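Taken together, the values in this text are just the output of simple stated rules run on the coordinates, not laboratory data. Quantities reported herein were computed from a predicted structural model and do not represent experimental measurements. Don't worry about glycine lacking a Cβ; one is built from the backbone with ideal geometry, like all the others, and counts go over all protein chains shown.
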Amino acid sequence: MKKFMYIISSAVVFVACESRTYEEISDNTPITQVVTFTNDVKPIIDANCVSCHSPGAQALTNYTQVKNNIDNIIDRIGRANGDPLKMPQGGSLSPAQINIITKWKADGLLEN
């Protein structure tokens with residue numbers, strides 16, 4: 001009976017283990033529509049950045065502040081986990097969120 005339980009337990013562990021990485025299971029689908037600040041970027045910034053970056057010299061509370069800092073934002077959100085300069089602190093944006101911000105810059109940093 002112990003042998004049977006060991007086999008069943010081992011099978012459950014092997015089936016439960018997932019070998020794919022976060023990046024492989026995240027939605028990394030290319031964005032086909034035009035990305036705008038108000039509709040696409042602002043919700044990401046509000047949910048992940050404003051709690052630390054408002055108000056003050058590093059504020060990211062409006063279109064102009066985010067637009068003027070876009071290169072630094074893209075650099076910081078794209079850094080590897082463990083890098084002390086990675087943002088947001090204590091976490092990471094999803095690949096889909098990073099794609100939205102990057103595409104916003106490529107689309108010309110449109111506000112609406």
Segment 21-112 shape via C-alpha gyration tensor axes, a/c threshold 1.5: oblate
Segment ASP83-ILE7, extension gain: residue separation times 0.36 nm, minus the distance between their alpha carbons: 23.2 nm
Inter-label distance for ASP107 and ASN69, nm, one decimal - labels placed 7 Å from Cα along Cα-to-Cβ: 2.2
Local electrostatic count, VAL41, Cβ distance below 10 Å [Lys/Arg +1, Asp/Glu -1]: +1
Proximal lysines relative to LYS42, as straight alpha-carbon distance under 30 Å, when same-chain residues fewer than 8 apart are discounted: LYS67, LYS86, LYS103, LYS105
Relative contact order [Cα under 8 Å, 6+ residues apart], segment 25-112, whole percent: 45
